[in-house]
Amino acid sequence: MNMYATVTPALVEELVKILGSHNVLYDKDRMEAYSHDETSIEHYAHMPEVVVTPLNTEQVALIMKLASRERIPVTPRGAGSGLSGGAIPVFGGIVLSLEKMNKVLEIDEKNLTVTAEAGVITNELNEQVKAHGLVFAGYPMSLETCFLGGNIAENAGGGKAVKYGVTGRYVLALEVVTPHGDVVRLGGKVTKDVSGYDLKQLYIGSEGTLGIITKAIIKLIGLPVVKADLLVSFKTAQEAIDVVPVIMTKGIIPTSMEFMDRLSIEMSCVYLNETLPIEGVGAMLLIELDGTDEGQVERDMIAIGDICNEHGAMEVYIAEDRNTQERIWAVRRNIAEALKVYSPVQSLEDIVVPMGSIADVLPELSRLSEKYDITIPCYGHAGDGNLHATLVKNPESNIEHWNIIEPEILRELYAFIVRELGGKISGEHGIGLKRKRYLKELIPAEEYELYRIVKEALDPQMIMNPGKILG
Amino acid sequence: MHDVWTLAECHGTTLKDVSYELLAWGRTLADSLRCKLCSVVIGDIPDDEIRLLFTYGADCVYVVTHEQLGWSGHEVYVNILTGLSEEHKPEIFLGAATTSGRSIFPALAVRLRTGLTADCTELSIEEKSGNLLQTRPAIGGNIMATIKTPEHRPQMATVRAKSIRHLPADSSRKGEIVRVPWNPAWQDERVTVLGTRKEHSDQGSIMEAEIVVAGGKGLKKKENFRLIEDLAHALGGQVGATRDAVDRGWKGYPHQVGLSGKTISPRLYMGIGISGAVQHMAGIKTAECIVAINADERANLLRVADFALVGDLFEIVPELLRRLNLALDLALDFVLEDGST
Amino acid sequence: MYIVVPIKQVPETGNVKMDPETGTMIRSGSEAIINPLDLYALETALRIKEQIGGRVTALTMGPPAASKVLKEAIAMGCNDAVHLSDRAFGGADTCATSYTLACAIRKLEHVDLIVTGEHATDGDTGQVGPALAAWLGMAMVTYAAKLLEVEETHITVERLVEEGYQKVRARLPAVLTVVKEIVVPRLPTLAGKKRTLHAEIPVWDAKTLDADPSLLGLKGSPTRVVRIETPKITRNTTIVKVSEEFPASDAVDQLLRFLKDKNLLGHLPGHLPGHLPGQERGRHA
């Protein structure tokens, strides 16, 4: 029932004509890397029929025209660091990787903006603007590998969203290639804009299903020069999470407020050979503050530390120099990798709830963990109400059993998050391939219908990253 | 003109290789200053071995022995060298940048109220002044600083192992052995050596090695570091590691290369699964030849490498090992053939 | 036991530049932190204190801003700190630095043990520890990797040396320099941080130290930097990529040929077997 045409040698030849042979890959070995993203479970992987690496927007437009003419599915791809299967070519066809469109085009100090191609690595962009004392503050945790275009397409969040918000907040303008191969430029270097529909916003977080983001103008802010971290240990996970809303309503907005339960910390410490004092510790909060005034940051740090102490903290550690900060952040950053080493089969979740409900998430996780007899380590951006609860397959249990219980647990968890707490099933990783069936089940039919109408209007042939979000 | 001195480094009853390397530096310096090159041996070294110092360039060797030396801390060595230097007033005094050289020389320099440059990789004589120019990598290997000690004598430096080859052996060279009588005032019993626990044979010093094969995060886990060890062994080199690998407990701290570990200058440095953090790169910039193996084309290390191999290390290293081991087997076969015919 | 830990403020990254005119480091632009290796010295000192009782003083020589690292040392658990700061101390090499620190340690009186890090990540000389021992006439134990026994009068440790680990026992007072292996540094705590808010850190200048001015700073430094060069790292890189058309075995072939041309396979026989068929191997066997 495949509604799409297949990639023929003649089509490959046409692609070579547009791009040159260096930018068209069709040997299996090299295409393998484009068949998956960071979503752990292998059965999500799917081979593309051909991979193209265009060098500019014009080439992207020509590829889309060709694909549209032939009705070939096109899956846009950034760094492949996504966590919801968004870059996987489920219908084969063309994978369009933006890896070679990786230039920072302009740093505009008068308007505090940077213009860059979609394939620039986030960290690279920030290194360049850092030289001007500026920063793109909406970057996610994977900044060392992820591309700007992917961040925008997923509207990525990250550790600093508590204070600085997510990627979308910093996108001033986009250049997008539509599924028909038209090039549109949306937005501009302005802070206000009500001139027509806000289509730019529609593309942010659209997961490559409506068009291909090729360029963006990003708003920059002054680089905060002072940073301080607190690492606070609590006897129980509940005590730790209970403090989060207390801090969030005290008027000091931390840059990050990360939660790590004992299991996450333990696994990460083993993985890193780190020895944090965790005897009797049930969970930790990692709270970061930044600013331009050293005294202010110090006062905020002490104020937050005091709140933690008043609410049952076992110990409040602080890190004021980069070295120590790097040491404790390494524990947080390596949790996902450490859990993968423990058991590669897992489901990394991304639930998000209103701040006031964050304390209610943990009991539900415990209940599910008990009911289904699996471990659910939990960590994440507590300050945003965004937790990466991770369903981990017991390394001893068999995969068939896992395949049965995983969707059951997810259904129960999501239903609780959405219906009981007014939360959402993904805060920053996206729906992609992984969560589309749950999205359909959980959102009102009228809303889902609107999604469908938008998709059909912009991509009537359904060639733009098909099989994601909807369907 | 006063002489150029080197401190020979003893290990039990033999002299370490670096003792001869110091002579190679000392010889050029003594020749440009037209003075004698003397070596100081503190320890129980047989005469045949001492005469090797002449073979490799020394004109004169001061020998100090005492039965307690093997159990003494550095204080005794500092006392002896202070005494000898005050008596003979060398113009230049070179030691090895080893754990003992880097302990004894700073204390000796203070006792003699002179300057000391650590870890030099190059030495020469400034033309007009006759001053010693001491060049060392600073801030890791990011910069090379040339330092002199214009107004204090002796001019002292510790020199990195393998920064020079020893001179070709010339067994016709003769020299004078001066046996220095023991002075009881040198005795110092505050520090006692109680014994040495040898490490596994592959744990030689990366600072002295001609070849260092280093591994990083790309090895993924501790067990895989075996590949690095095997390759180092096959190449006749030592094992290095990045800070990441050391912090994760994949390899001990003595193997750490970089700013907070060791700065090394081997003839061949091979970095495998190493992306090339600035701090690590600083530690290897003075390597003569750099080979990098990494799957990520963008890895920093590839940019400074002489030979960059882009590919999966888990595919490349086993293949490399297979071929090297085959070659080693063949070498062994040659030996057997020679022996039997 | 009274323990003093001399620490140093160093620039944070490896990207430090040096002024080619003066040979001094350009420190602006990069954050100053405690020399990472000094954290191990602080931790060692604190553990000894916790084990047998006593007091730990952190000491640093540097510009006014360097008091920050002393505060961090107090936050980790040091009892107090002393800051040596005077224009006269500027431009010191390891000889003048160790002299200045030694003067301060003399003034602190009855010091049993001095613990230092292996070396500073900026200067990388590792000379200050042994030099301190010489100025103060103390015994020295360098490259300590394991604390075996601490007594009021003696300390027994394992030193990391080229051959392995050497066990030594030293009579106090002594200077102990430690390597990273010895302990894992603790994290500073908020309670410790709060102590630093009220901590008075005395600043001692040359006069307070009663030091010989001719041995201080640039004037007291026997060594002079005459030239700074940036080593060329532009190498002629040969890049070989493994792909379907160019398998790993071919790439390895090229690598071996490269190593052989550079004379780096000295211990191996003249030729290296490629994809050797069985019979060729048999000829030598």
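Bear in mind these aren't lab numbers, they're just calculated from the coordinates by the rules spelled out. As the structure is a computational prediction, the values presented were derived from the model and not from experiment. Reconstructed Cβ throughout: ideal geometry from the backbone, glycine too, with neighbour counts over all protein chains shown.
For the reader, a short list of remarks on this structure follows.
- By DSSP, the beta bridges lying fully in chain B are antiparallel in about 20 percent of cases.
- Max mean-square fluctuation residue, GNM over chain C, Cα-Cα springs under 10 Å, options C:180, C:193, C:241: C:241
- For the range B:122-166: rounded, prolate or oblate by the Cα gyration tensor [a/c cutoff 1.5]: prolate
- Extreme residue, positive dipole direction of the protein assembly as shown, given options A:152, B:215, C:111 (C-beta unit charges): C:111
- Size of electric dipole in the range B:211-338: Cβ of Lys, Arg +1 and of Asp, Glu -1, about Cα centre, debye, nearest 20: 760
- Evaluated over the Cα positions of chain A, the convex hull gives a direction-averaged projected area, one quarter of its surface, of 22.7 nm².
- Helix A:9-19 axis versus longest C-alpha principal axis of chain A: approximately 70°, rounded to the nearest ten.
- Each pair of Cα atoms in the range A:223-371 enters the Kirkwood radius, and Stokes-Einstein at 10 °C and 1.306 mPa s then converts it into a translational diffusion coefficient of 99 µm²/s.
- Charge dipole (debye, nearest 20) of the range A:9-97; +1 at Cβ of Lys and Arg, -1 at Cβ of Asp and Glu: 300
- Fraction of antiparallel bridges per DSSP, the protein assembly as shown only, in percent to nearest 5: 55
- Divided by 2.2 N^0.38 Å, where N counts the residues, the Cα radius of gyration of the range C:176-265 comes to 2.30.
- Under the criterion of Cα pairs below 8 Å and six or more residues apart, the relative contact order for chain C equals 21 percent.
- Nearest 10 degrees, 0 to 90: helix B:101-111 Cα axis against chain B principal axis: 30
- Karplus-derived 3J(HN,Hα) values for the range A:174-185, using 6.51 cos²θ - 1.76 cosθ + 1.60 with θ = phi - 60°, are 9, 9, 10, 9, 7, x, 7, x, 8, 10, 10, 10 Hz; glycine and proline are entered as x.
- Taking a straight line from the alpha carbon of residue A:340, these lysines sit under 17 Å away, with near neighbours fewer than eight places off in the same chain left out: A:393, B:217, B:220, B:221, B:222.
- Derived scalar couplings between HN and Hα for the range C:123-139 equal x, 6, 9, x, 9, 5, x, x, 5, 4, 4, 5, 4, 9, x, 9, 6 Hz in order, rounded to whole Hz, by the Karplus curve 6.51 cos²θ - 1.76 cosθ + 1.60 (θ = phi - 60°), x for Gly and Pro.
- Shielding by partners, peptide A:305-313 (average Cβ within 10 angstrom, other chains): 1
- Sorted by Cβ density within 10 Å, fewest first, the residues B:66, A:381: B:66, A:381
- Disulfide-incompatible cysteines by the Cβ rule (no partner under 4.7 Å) in the protein assembly as shown: A:146, A:269, A:308, A:378, B:10, B:35, B:120, B:289, C:78, C:95, C:103
- For the protein assembly as shown: rounded, prolate or oblate by the Cα gyration tensor [a/c cutoff 1.5]: prolate
- Overall, the protein assembly as shown carries a charge dipole of about 1540 debye about its Cα centre when +1 sits on the Cβ of Lys and Arg and -1 on the Cβ of Asp and Glu, all other atoms neutral.
- Extent of the range A:52-109 along its three principal axes (Cα atoms, max minus min coordinate, largest first): 43, 29, 15 Å.
- Shape call, the range C:2-215: gyration tensor on alpha carbons, a/c limit 1.5: rounded
- Cα-based helix-to-principal-axis angle, A:399-415 vs chain A, degrees rounded to 10: 80
- The residue list A:404, A:417, C:39 was ranked by how far each Cα lies along the charge dipole of the protein assembly as shown toward its positive end, using unit charges on Cβ atoms, and C:39 comes out on top.
- Mean Cα-pair separation over length for the range A:343-431, i.e. relative contact order, pairs under 8 Å, 6 or more apart, %: 42
- Given charges at Cβ of Lys, Arg, Asp, Glu: chain A dipole, positive-most of A:376, A:389, A:3: A:3
- Residue B:315 versus residue A:226: modelled label distance in nm, points set 7 Å from Cα along the beta carbon direction: 5.2
- Measuring spread by the Cα atoms of chain B yields a radius of gyration and Dmax of 21.9, 64 Å.
- Here the average projected area of the convex hull drawn through the C-alpha atoms of the range A:388-471 stands at 6.8 nm².
- In the range A:1-103, the convex hull through the Cα atoms has an average projected area of 6.7 nm², a quarter of its surface area.
- Pair-distance profile P(r), taking every C-alpha pair of the range A:104-222, with 10 angstrom steps and integer %: 15, 50, 31, 4, 0
- Over the range B:2-186: Kirkwood hydrodynamic radius from C-alpha pairwise inverse distances, Å: 16.3
- Bridge type composition, chain A - antiparallel percent by DSSP, nearest 5: 85
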